[in-house]
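One structure below.
The values are calculated or read from the model by the stated rules, or taken from the named source; none is laboratory data. Small disclaimer: the values here were computed from a predicted structure and weren't measured. Don't worry about glycine lacking a Cβ; one is built from the backbone with ideal geometry, like all the others, and counts go over all protein chains shown. Ligands, DNA and RNA are excluded from the accessible area calculation, which covers all protein heavy atoms including side chains. Shrake-Rupley method; radii C 1.70, N 1.55, O 1.52, S 1.80 Å.
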Amino acid sequence: MTPLNDCEWSTRFLDETPGDAQSDGPSRQVPGACWSKVTPFQAPKPELRLWAKDVGAMLGLSRGDEDVFAGGRLTLGMAAYAQRYGGHQFGNWAGQLGDGRAITLGELKASQGTFELQLKGAGHTPYSRFADGKAVLRSSVREYLCSEAMHHLGVPTTRALSLCTTGESVMRDVLYNGNKALELGAVVCRVAPSFIRFGSFQIHAATGDQVTLRALVEHTVRHHFPTHSVANDAGIVAWANEVAESTALMIAHWMRVGFVHGVMNTDNMSIHGLTIDYGPYGWLEDYNPGWTPNTTDASNRRYRYAQQPQIGAWNLARWLESLIPLMEQPEQLEGVLDHYGEVFNEHHNRMWVAKLGLGSWVESDQKLVANLNSALQTIEIDMTIFFRLLSTLDAPTLDQLSPSFYEPIGVAEQPLNEWLEAWMIRTDGAPDQDAMKAANPKYVLRNWMAQLAIDDAEKGDYATCEALEQLLKAPYDEQPEMEADWFQRRPEWARNRVGCSMLSCSS
Ligand code: AMP
Ligand code: MG
């Protein structure tokens with residue numbers, strides 16, 4: 001393990017892309033720039049509360065330095081900056097956004113590669129617009145726990161290294177309804193190969209700044225897609241196809257585990273196909289494909305569970321448009337969208353093969369899956385428990401599945417029985433249960449579980465956070481001693497509680 005002072009850092013992003021001539025300063029437009037140098041804020045009383053050991057090991061860092069990971073001190077070689085990007089928010093072009101409450105400390109050269117370390121909530125940047133650049137403990141616990149849970153579920157994601165409280169109070173209006181309250185401030189240090197997003201490219205295309213656009217594309221491909229070259233149209237298309245593939249894979253995984261991102265704006269789409277920017281995300285409990293946890297999106301439900309694959313395509317289309325200025329024959333990019341659709345379908349089918357233990361995909365499985373989807377919607381049925389119990393069924397009867405039902409079986413009985421029978425015929429009475437157990441997690445970070453961890457953390461007790469972090473390191477294992485607490489349907493108290501069934505972008 002290397003002490004922070006002896007770490008090696010790269011400044012390649014700052015060296016190879018255009019930046020802001022001014023450091024720090026007020027919220028403003030920064031045309032032509034990919035970044036602005038900034039100084040993280042000095043927390044009044046930084047305290048390190050959570051440290052992800054395996055992420056530390058990946059970086060070669062031992063537990064440490066709350067002053068650094070809360071933002072107050074830069075060590076030798078760090079060069080802190082906020083990234084400039086734009087994006088489409090809820091379908092509309094929003095212009096310049098940028099890291100309003102995220103500050104990159106630098107890119108750490110570790111034995112496993114170079115990783116960007118970024119503090120979320122470390123204060124104002126030129127991209128903060130009217131806001132304070134801070135984050136609260138509630139949303140920081142959610143980001144920390146969920147990114148680690150996703151990683152161990154096998155879902156591509158940014159990671160979390162640490163969570164510090166700042167000792168500062170931050171004013172928030174959780175449901176944007178005029179009920180402001182002070183909350184505890186916190187900072188998460190998150191980690192990824194880079195935090196470059198679809199919107200990072202869009203902003204330069206939107207402003208007609210081809211020089212900066214090209215510099216960013218060349219930087220991104222040189223360091224993050226080294227087998228590619230963007231010297232000509234064919235090269236750009238090949239690279240774009242790879243971005244399409246990783247995006248499709250990520251979303252297929254979300255569908256498999258019942259994750260709803262909640263804010264799939266193009267500024268929240270990583271160029272690496274990593275789940276990024278954990279805000280008002282949620283996990284399906286009742287299997288309702290129309291569900292979104294984000295109250296900010298309640299009227300259109302644009303980012304509902306079942307629409308995520310299509311939104312992935314829409315976002316990809318906006319990103320592809322941003323590459324047009326670099327192409328001689330931009331119509332070649334159209335094939336990339338088709339490619340996304342094909343790759344998504346392949347992953348999605350493969351995921352259903354695993355979830356249902358089918359061995360391989362045949363055309364008629366489409367109907368089997370569709371019938372299950374509609375049977376699951378006849379009454380309130382818990383997605384995680386249903387699929388997990390299905391993976392361990394001794395006989396095709398409904399009794400063993402009943403712990404997943406929120407209400408009496410009623411009208412679901414007939415369609416579910418018929419489906420079980422069809423599934424048994426399809427699998428010759430022997431579904432591949434090992435494959436099923438590896439695809440249907442027993443434990444996910446349900447909204448109420450995160451809320452229990454937050455309630456305790458707000459009282460200064462991080463034991464529930466740590467217990468969940470530990471539990472979710474092995475989400476496909478039985479862990480029988482944990483069942484009574486965590487292999488449970490959503491408790492009644494959580495049905496309508498803010499933070500469990502209702503979340504907003506306020507964080
Ligand atoms: P999000 O929906 O969390 O991805 O944020 C959208 C945009 O708002 C990004 O540009 C963020 O940096 C910015 N933002 C969100 N919350 C804050 C905050 N508390 N202070 C400054 N900027 C923020
Ligand atoms: Mg964001």
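Results for (1) closer than 30 Å to Val136 by Cβ; (2) out of contact with any strand residue (DSSP E or B) (no Cβ under 9 Å at 6 or more places or on another chain); (3) basic (Lys, Arg); (4) open to solvent by 40 Å² or more (accessible area, probe 1.4 Å), shown as yes or no for each residue.
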{"position": "Gln400", "(1), (2), (3), (4)": "no, yes, no, yes"}
{"position": "Pro403", "(1), (2), (3), (4)": "no, no, no, yes"}
{"position": "Pro408", "(1), (2), (3), (4)": "no, yes, no, yes"}
{"position": "Leu416", "(1), (2), (3), (4)": "no, no, no, no"}
{"position": "Ile425", "(1), (2), (3), (4)": "no, yes, no, yes"}
{"position": "Asp428", "(1), (2), (3), (4)": "no, yes, no, yes"}
{"position": "Leu445", "(1), (2), (3), (4)": "yes, no, no, no"}
{"position": "Ala453", "(1), (2), (3), (4)": "yes, yes, no, no"}
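Among residues of the range 264-280 being open to solvent by 10 Å² or more (accessible area, probe 1.4 Å) and more than 10 Å from ligand 1 (Cβ to nearest atom), the one that is farthest from Gln202 (Cα to Cα) is Leu274. Here is a check on your reading of the model: is Met255 outside the structural domain of Ile385 (by TED's automatic domain parsing), within 27 Å of Trp291 (Cα to Cα) and open to solvent by 10 Å² or more (accessible area, probe 1.4 Å)? The answer is yes for Met255.
Taken together, the residues in the range 12-55 that are among the hydroxyl-bearing types (Ser, Thr, Tyr), touching a residue at least 40 places away in the same chain (Cβ under 8 Å) and open to solvent by 50 Å² or more (accessible area, probe 1.4 Å) amount to 1. Residues that are open to solvent by less than 20 Å² (accessible area, probe 1.4 Å), in a helix (DSSP H, G or I) and either in contact with a strand residue (DSSP E or B) (Cβ under 8 Å, 6 or more places away or on another chain) or over 27 Å from Lys45 (Cα atoms) (or both) within the range 457-480 comprise Ala457, Cys465, Leu471, listed in sequence order. Remark: pairs (first residue in the range 264-279, basic (Lys, Arg); second residue within 12 Å of ligand 1 (Cβ to nearest atom) and open to solvent by less than 10 Å² (accessible area, probe 1.4 Å); Cβ separation under 6 Å; 6+ apart in sequence or on different chains) are absent. If you filter the range 350-379 down to residues that are aliphatic (A, V, I, L, M) and over 19 Å from Asp432 (Cβ atoms), you find that the one that is most open to solvent (accessible area, probe 1.4 Å) is Ala370.
Within the range 84-103, is there a residue that is out of contact with any Pro (no Cβ under 6 Å at 6 or more places or on another chain), in a helix (DSSP H, G or I) and within 16 Å of ligand 2 (Cβ to nearest atom)? The answer is no; no qualifying residue exists. Flag: Arg73 does not match the condition of being part of a loop (DSSP other than H, G, I, E, B), charged (D, E, K, R) and at pLDDT 95 or above.
Scanning the range 114-151 for residues that are more than 21 Å from Leu184 (Cβ to Cβ) and within 12 Å of ligand 1 (Cβ to nearest atom) returns Thr125, Pro126, Tyr127, Arg129, Phe130. Residues that are assigned to a helix (DSSP H, G or I) and open to solvent by less than 30 Å² (accessible area, probe 1.4 Å) within the range 219-245 comprise His219, Thr220, Val221, Asp233, Gly235, Ile236, Val237, Trp239, Ala240, Val243, Ala244, listed in sequence order. For the range 105-138, the candidate set comprises residues that are among the hydroxyl-bearing types (Ser, Thr, Tyr) and buried (at least 24 other Cβ atoms within 10 Å of the Cβ); within that set, the residue that is nearest to ligand 2 (Cβ to nearest atom) is Tyr127. Ala395 passes every criterion in (1) open to solvent by less than 60 Å² (accessible area, probe 1.4 Å); (2) part of a helix (DSSP H, G or I) apart from (2). For first residues located in the range 386-404 and closer than 18 Å to Asp428 by Cα, partners that are open to solvent by less than 10 Å² (accessible area, probe 1.4 Å) and assigned to a loop (DSSP other than H, G, I, E, B) and lie 6+ apart or on another chain with Cβ distances below 8 Å form the pairs Leu390/Asn440; Ser391/Gly357; Ser391/Asn440.
In the range 64-71, is there at least one residue being within 16 Å of ligand 1 (Cβ to nearest atom), open to solvent by 10 Å² or more (accessible area, probe 1.4 Å) and in contact (Cβ under 8 Å) with a residue 40 or more places away in the chain? Among the residues of the range 64-71, not one is within 16 Å of ligand 1 (Cβ to nearest atom), open to solvent by 10 Å² or more (accessible area, probe 1.4 Å) and in contact (Cβ under 8 Å) with a residue 40 or more places away in the chain, which makes the answer no. Within the range 299-337, the set of residues being open to solvent by 10 Å² or more (accessible area, probe 1.4 Å), in contact with a strand residue (DSSP E or B) (Cβ under 9 Å, 6 or more places away or on another chain) and closer than 24 Å to Gly208 by Cβ comprises Trp314, Arg318. Among the numbered conditions (1) buried (at least 21 other Cβ atoms within 10 Å of the Cβ); (2) under 30 Å from Val211 (Cα atoms), the only one that Thr292 does not meet is (2).
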